[in-house]
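One structure below.
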Amino acid sequence: MSRFKKIAESKAGSKFILQGNEAFALGVVHAGFHAADGYPGTPSTEVIDKSLKYVQDKIKVGWSVNEAVAVGVAVGHSVAGSDVVVTMKIPGVFQAGDVITTSAFYTAEAGALVIYAATDYIPSSTQHVIDSRHFFDASRIPVIEPRSHQDMYNIPAIAADISKKFRTPVVVLASTILAHSEGLVVTKEPRTIVQRPLPDTLHTWMTMPGIARQNYNKATQERIPQIKAWLENSELISEESGDEDWGIIVCGESDMIVREALKNCNRKPSVLSLGMTYPLPVERIRKFASGIKGKLFVFEDGDRYLENKIRLLEIPVIGKEENSIITDWSPEMILEHLAKHIDINFTINKKEVGIKPLNRPPSICPGCPYRAFALCVDKLKKQKKIYAAFGDIGCSTLLYFLNALDTVCCMGASDTLRQGFVLSRPDYAAKTISIIGDSCECHTGLDATRNAIFRHTPGIKVILDNSITAMTGGQPAPSSKTNLAGVPNIFNLKRAVEAEGGRMAVVDSYNLKEIEKALTESLEEAGRGVFTTLILEGLCIHEVENKKKIRKIRHDYDICKRCARCNICPGIEPDADRKPSFTSLCTFCGGNAPVCMQRCPSSAIIYDDNAIGKIKIPEFKKVDEITIPTIDKNVLPESLRVAIRGIGGQGNLFFGKVLSEVVLRTPYADSNIIKGDTHGMAQLGGPVISTFSSGAVYSPVLAPGSVDVLIVMEISEALRPGFLELLKPDGTIIFNNFAVLPVTAKKGDYPDINKIYDALKDYKIIKIDANKTAQNLGDIQGKTANVVVLGLLSTITPFNNIPEEIWLSALMSVSPNDFIKAANKMSFEAGRKTVSK
């Protein structure tokens with residue numbers, strides 16, 4: 001049984017540390033929803049992918065080919081009398097805009113229709129930061145903004161009830177920080193909802209212009225005023241009286257950021273917290289404002305939507321500046337903003353190290369099937385045979401950093417941009433290409449393919465087919481072998497493209513020579529007025545069996561020319577003398593023809609079944625049951641906070657996973673537990689920060705001067721702006737002696753490690769070579785280096801107040817089998833011994 005299914009079937013009152021998306025999904029199940037649909041899009045994907053797909057015996061779940069289709073499917077569920085939720089990221093809202101705005105003005109009785117839209121105001125994985133509240137406001141669709149992980153769990157039931165009571169779609173607008181962080185959730189008694197009976201006819205679902213106008217009037221004059229009146233006394237609004245003369249109005253995720261900031265400056269103003277921002281509880285706001293004698297602040301994510309609404313009530317408030325570019329607040333920014341207007345007696349000590357951090361753009365994974373193609377495009381661009389490559393959304397976007405892609409607009413638009421460019425510049429038909437992934441082609445790309453045929457626009461469209469929706473975590477697409485329910489797909493991408501007309505070629509994505517040949521021939525055909533769809537087939541490296549990723553090649557240094565042509569991915573790294581060596585990141589191109597081997601001009605990369613040597617397999621002993629001691633609450637500090645910096649792929653998320661289980665076995669389980677993680681493109685080799693806190697804590701984004709221990713898993717990542725400022729004056733920094741050079745950087749670009757340590761000489765620092773320690777224990781790839789560091793952390797103040805038995809019990813609970821339990825135990829104990837050494 002899956003973890004989520006076990007959680008879904010737990011008794012009421014159970015406590016869990018859940019990701020925001022997971023908490024929302026659990027709320028959907030417990031609220032009695034009948035169906036869920038959507039399209040994968042960070043940061044919304046996990047609602048279905050990591051959660052609801054595991055309870056398909058309780059709820060009908062599926063991915064649709066795009067957001068507009070998903071919303072249409074959801075409306076159909078609602079018409080049939082089922083309560084339904086549909087998930088997407090904000091760009092998906094606008095892709096589905098026609099369906100959403102039309103469905104907004106249906107007024108018949110139906111099942112609940114809830115739209116879960118995850119924002120990304122940073123942005124970390126989205127191409128814009130548009131505030132969609134203006135759009136939903138104009139569409140007369142109520143907007144709920146969750147303020148905590150408990151809200152994420154509670155809100156599905158509230159949203160469903162609003163939808164049915166007021167005959168309206170309801171939008172749940174969740175921030176990326178809340179969606180992707182984890183927090184403590186207490187479950188409620190699940191409810192069962194009976195499908196609404198079908199009416200005699202469906203005539204009330206007609207929206208011809210005259211009817212649409214009537215429905216718009218009804219929604220404007222009846223629906224929204226009724227919801228506004230209901231909201232005045234709703235649990236979505238909360239109010240706290242403070243002991244200061246100034247106050248704060250806050251909404252959504254900004255609520256927990258504000259509370260974290262206030263906790264760290266020890267101030268307690270009155271706070272009005274809004275969990276719904278359209279419509280607004282006007283009378284509640286007026287009453288609250290009238291009780292504030294001093295200044296009144298407004299904090300919100302996104303645009304100045306709430307602030308401007310309150311100003312229209314003629315209530316003076318202090319919000320963002322007129323042309324502010326703040327779209328998501330941090331505790332530090334909150335404190336700085338307050339300090340401009342009132343005396344909060346709080347100073348942020350800025351740390352000037354004087355060494356710039358390494359530019360570390362996200363990259364495609366070692367062994368990615370896109371790399372050979374990127375190398376070919378880069379070569380042809382340098383030869384002036386390709387002027388530009390028009391790109392799309394997804395993993396292929398990362399080819400920009402390999403000089404193989406120039407533009408990105410939105411999903412499915414790569415070839416439409418190329419077509420427009422070529423229609424204006426016909427002589428560039430044979431000098432431009434478009435690039436798109438298979439899932440994006442199935443999303444809206446096929447429309448562009450059809451348009452190229454329809455408009456007789458010559459050129460090349462390249463479909464990088466890795467048989468999965470890769471960037472968002474490996475969800476099934478129509479081009480995959482099966483759908484979400486495991487049913488074999490009968491859709492065939494090649495046949496669909498072929499049926500559109502035009503020329504088509506299919507090539508192995510790991511074959512350098514064939515890719516270059518196919519590209520060159522297709523460019524020549526474009527010069528003759530032909531449109532070609534070139535499909536490159538190669539499975540996403542994360543979908544390949546692990547046994548096929550064990551390296552079976554090595555360098556023959558006797559004939560190696562040190563030419564650096566093999567230095568094309570993080571799986572190979574040269575030393576100061578340009579001598580290349582394979583790193584632990586090499587995936588052997590998933591058992592396909594290694595691209596580095598194809599590029600070597602001197603055949604100095606050779607096959608060797610024993611290339612990684614004999615793996616030292618230590619004797620693993622089954623871990624005995626661990627007796628958990630009780631802890632006196634008084635020996636623990638009010639809170640614990642730790643922040644971890646590293647790069648994607650180092651297992652940073654595992655820290656929070658273990659720490660959550662640790663504190664659940666302590667008195668902190670009766671307070672709050674929150675962990676935050678970077679998701680999206682950062683996980684592909686880019687900078688990653690993870691946070692964990694428990695006790696009197698509120699936010700996954702931590703305030704300056706509040707963190708007990710900083711952990712640096714990759715040396716140069718300590719230099720990231722704002723990281724050192726998080727540390728308490730008496731805090732500790734753990735440095736893992738591990739450095740990774742991005743494939744886009746040169747050896748000399750990496751900061752001098754001795755200078756880094758020298759710049760931090762005034763800090764309390766503990767150094768550890770966790771990767772080497774893990775390798776000495778038999779972990780050839782050093783994957784348990786994070787567990788070694790966890791062992792060290794357990795010995796450092798204030799974390800050493802928690803007994804070793806609790807740490808081990810927590811670690812064993814997240815280790816799936818006896819082999820991993822034993823390996824993790826060995827690594828943990830090795831880390832604990834570091835201090836004694």
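The values are calculated or read from the model by the stated rules, or taken from the named source; none is laboratory data. As the structure is a computational prediction, the values presented were derived from the model and not from experiment. Reconstructed Cβ throughout: ideal geometry from the backbone, glycine too, with neighbour counts over all protein chains shown. All accessible areas refer to the heavy atoms of the entire protein, side chains included, with ligands and DNA or RNA removed. Shrake-Rupley method; radii C 1.70, N 1.55, O 1.52, S 1.80 Å.
With the requirement that a residue be modelled with pLDDT under 90, open to solvent by 50 Å² or more (accessible area, probe 1.4 Å) and farther than 29 Å from Asn359 by Cβ, what does region 745-802 give you?
Scanning region 745-802 gives Asn776, Ile780.
Filtering region 292-304 down to residues that are crowded, with 22+ Cβ neighbours inside 10 Å and touching a residue at least 60 places away in the same chain (Cβ under 8 Å), which residue is nearest to Asp245 (Cα to Cα)?
Among those residues, the one meeting the criterion is Asp301.
Within the bounds of region 226-238, is there any residue that is open to solvent by 90 Å² or more (accessible area, probe 1.4 Å), aliphatic (A, V, I, L, M), over 18 Å from Phe136 (Cβ atoms) and not in a strand (DSSP E or B)?
no
Scan region 573-590 residue by residue and report those that are modelled with pLDDT of 90 or more and either open to solvent by less than 30 Å² (accessible area, probe 1.4 Å) or among the polar types (S, T, N, Q) (or both).
Pro580, Ser581, Cys586, Thr587, Phe588, Cys589, Gly590
Name the residues in region 555-591 that are out of contact with any strand residue (DSSP E or B) (no Cβ under 8 Å at 6 or more places or on another chain) and either aromatic (Phe, Trp, Tyr) or assigned to a strand (DSSP E or B) (or both), would you?
Tyr557
Going residue by residue through region 85-95, is there one that turns out to be touching a helix residue (DSSP H, G or I) at 6+ places or on another chain (Cβ under 6 Å), open to solvent by less than 40 Å² (accessible area, probe 1.4 Å) and among the basic types (Lys, Arg)?
Within region 85-95, none of the residues are touching a helix residue (DSSP H, G or I) at 6+ places or on another chain (Cβ under 6 Å), open to solvent by less than 40 Å² (accessible area, probe 1.4 Å) and among the basic types (Lys, Arg).
Show the residue pairs that are 6+ apart or on different chains and have beta-carbon atoms under 6 Å apart, the first residue being within region 563-586 and more than 17 Å from Leu375 (Cβ to Cβ), the second being among the β-branched types (Val, Ile, Thr) and open to solvent by less than 30 Å² (accessible area, probe 1.4 Å).
Once the first residue is more than 17 Å from Leu375 (Cβ to Cβ) and sits in region 563-586, its partners that are among the β-branched types (Val, Ile, Thr) and open to solvent by less than 30 Å² (accessible area, probe 1.4 Å) give Phe582/Ile572.
Go through (1) assigned to a helix (DSSP H, G or I); (2) crowded, with 19+ Cβ neighbours inside 10 Å; (3) touching a Phe, Trp or Tyr at 6+ places or on another chain (Cβ under 8 Å); (4) of a type outside the set (S, T, N, Q) one by one and return the number of the condition Lys548 breaks.
Result: Lys548 fails condition (2) only.
Going through region 178-201 one residue at a time, which ones are among the hydrophobic types (A, V, I, L, M, F, W, C), under 24 Å from Asp161 (Cα atoms) and either within 29 Å of the chain's Cα centre (by Cα) or surrounded by 12 or more Cβ atoms within 10 Å (Cβ to Cβ) (or both)?
Hits for region 178-201 are Leu178, Ala179, Val185, Val186, Ile193.
Report whether or not Phe373 is under 23 Å from Tyr428 (Cβ atoms), in contact with a Leu (Cβ under 9 Å, 6 or more places away or on another chain), open to solvent by less than 30 Å² (accessible area, probe 1.4 Å) and not in a helix (DSSP H, G or I).
no
Kindly provide the set of residues from region 699-751 that are closer than 28 Å to Asn403 by Cα and free of Cβ contacts under 8 Å to residues at least 24 places away in the same chain, ordered by number.
Matches in region 699-751: Lys746, Gly748.
Being open to solvent by 10 Å² or more (accessible area, probe 1.4 Å), in a loop (DSSP other than H, G, I, E, B) and of a type in the set (A, V, I, L, M) is the filter here; which residues of region 111-152 pass it?
Scanning region 111-152 gives Ile122, Val129, Ile130.
Only one of (1) aromatic (Phe, Trp, Tyr); (2) touching a Cys at 6+ places or on another chain (Cβ under 6 Å); (3) open to solvent by less than 10 Å² (accessible area, probe 1.4 Å) is not met by Trp329, so which one is it?
(2)
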